[in-house]
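Contents: one structure, followed by commentary.
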Amino acid sequence: MPGLEQAPKLDQALAEVAAEMAERTDRGNVATYIPQLGKVDPRKFGIAAVTNDGSVLVAGDADQAFSIQSISKVFTLTLALGNVGDALWKRVGREPSGNPFNSIVQLEHENGIPRNPFINAGAIVISDILLAGHQPREAIGEILRFIQFLADDESIIIDREVAASERATGYRNFALANYMKSFGNLHHAPELALGVYFHHCAIAM
């Protein structure tokens, strides 16, 4: 099979990349706006590749769990589209924002409609959509099970320390949620939508 033939070369390439990264000193800085993320060792580096035949090849620190943060927004958007279809685009736009991911500036100009689902305001609205008919714990569980199913990996969890750290310091996100609530673009209490949001960003794999 083509995938198996290429696997040894790919495995070696990944090992070489990981070895090279282990020697690098120009790591930059880890995010500190969420205190728990600031504790992550910047020397950690993991890489993984999946071939067409489903083989998974890893190198470096790929087996160490880390919170996926905004990558989770792709999965929550997928779930929300499955729940409400194109009606979703009445509450969230599909355009680049041109502003920082946690900016509040555009929300005032655009009457509480976030530019897209991947900036924080948009992801909070998506979390609100996923809350429909659910308690926050149920919505969070649905997101987690969906990602576990797609990855075929039940070891994927929510890093509760990261979630708590996000909630304790997420003042800008609370402002975004309350502002959108004032425009009627959150249908649940802001703290409920934010609870779902903070927890899905803290999913670790």
Got at least one residue in the stretch 21-28 being open to solvent by 40 Å² or more (accessible area, probe 1.4 Å), in contact with an Asp or Glu (Cβ under 9 Å, 6 or more places away or on another chain) and closer than 20 Å to Met205 by Cβ? no
Of all residues in the stretch 79-114, how many are open to solvent by less than 70 Å² (accessible area, probe 1.4 Å) and closer than 26 Å to Ile147 by Cβ? 15
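Every residue, every condition in (1) closer than 29 Å to Gly112 by Cα; (2) of a type in the set (Val, Ile, Thr); (3) in contact with an Asp or Glu (Cβ under 7 Å, 6 or more places away or on another chain); (4) not in a helix (DSSP H, G or I), yes or no:
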{"position": "Gln148", "(1), (2), (3), (4)": "no, no, yes, no"}
{"position": "Glu161", "(1), (2), (3), (4)": "no, no, no, no"}
{"position": "Ala168", "(1), (2), (3), (4)": "yes, no, no, no"}
{"position": "Met180", "(1), (2), (3), (4)": "yes, no, no, no"}
{"position": "Asn185", "(1), (2), (3), (4)": "yes, no, no, yes"}
{"position": "Leu192", "(1), (2), (3), (4)": "yes, no, no, no"}
{"position": "Val196", "(1), (2), (3), (4)": "yes, yes, no, no"}
Starting from the stretch 159-174, keep only residues that are closer than 13 Å to Pro35 by Cα and open to solvent by less than 50 Å² (accessible area, probe 1.4 Å), then list their pairs with residues that are part of a helix (DSSP H, G or I) and of a type in the set (Phe, Trp, Tyr) whose Cβ atoms are within a distance under 8 Å, requiring at least 6 positions of separation or different chains. Ala163/Phe198; Glu166/Phe198; Gly170/Phe198
Would you call Asp53 among the charged types (D, E, K, R), in a loop (DSSP other than H, G, I, E, B) and in contact with a Gly (Cβ under 6 Å, 6 or more places away or on another chain)? yes
Considering each of Phe118, Phe101 in turn, give the residue that is modelled with pLDDT under 95, closer than 24 Å to Ser67 by Cβ and either of a type in the set (A, V, I, L, M, F, W, C) or not in a loop (DSSP other than H, G, I, E, B) (or both). Phe101
Would you confirm, using the coordinates I've provided, whether Ser55 is surrounded by 15 or more Cβ atoms within 10 Å (Cβ to Cβ), over 20 Å from Ile158 (Cβ atoms) and of a type in the set (S, T, N, Q)? yes
Within 20 Å of His187 (Cα to Cα), surrounded by 19 or more Cβ atoms within 10 Å (Cβ to Cβ), under 17 Å from the mean Cα position of the chain (by Cα) and not small (Gly, Ala, Ser) - does that describe any residue in the stretch 62-75? yes
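The values are calculated or read from the model by the stated rules, or taken from the named source; none is laboratory data. All values derive from a computational prediction rather than experimental measurement. When we count neighbours, we look across all protein chains shown, and the Cβ atoms used for this are built from the backbone with ideal geometry, even at glycine. For accessibility, only protein heavy atoms count, side chains too; no ligands or nucleic acids. Shrake-Rupley method; radii C 1.70, N 1.55, O 1.52, S 1.80 Å.
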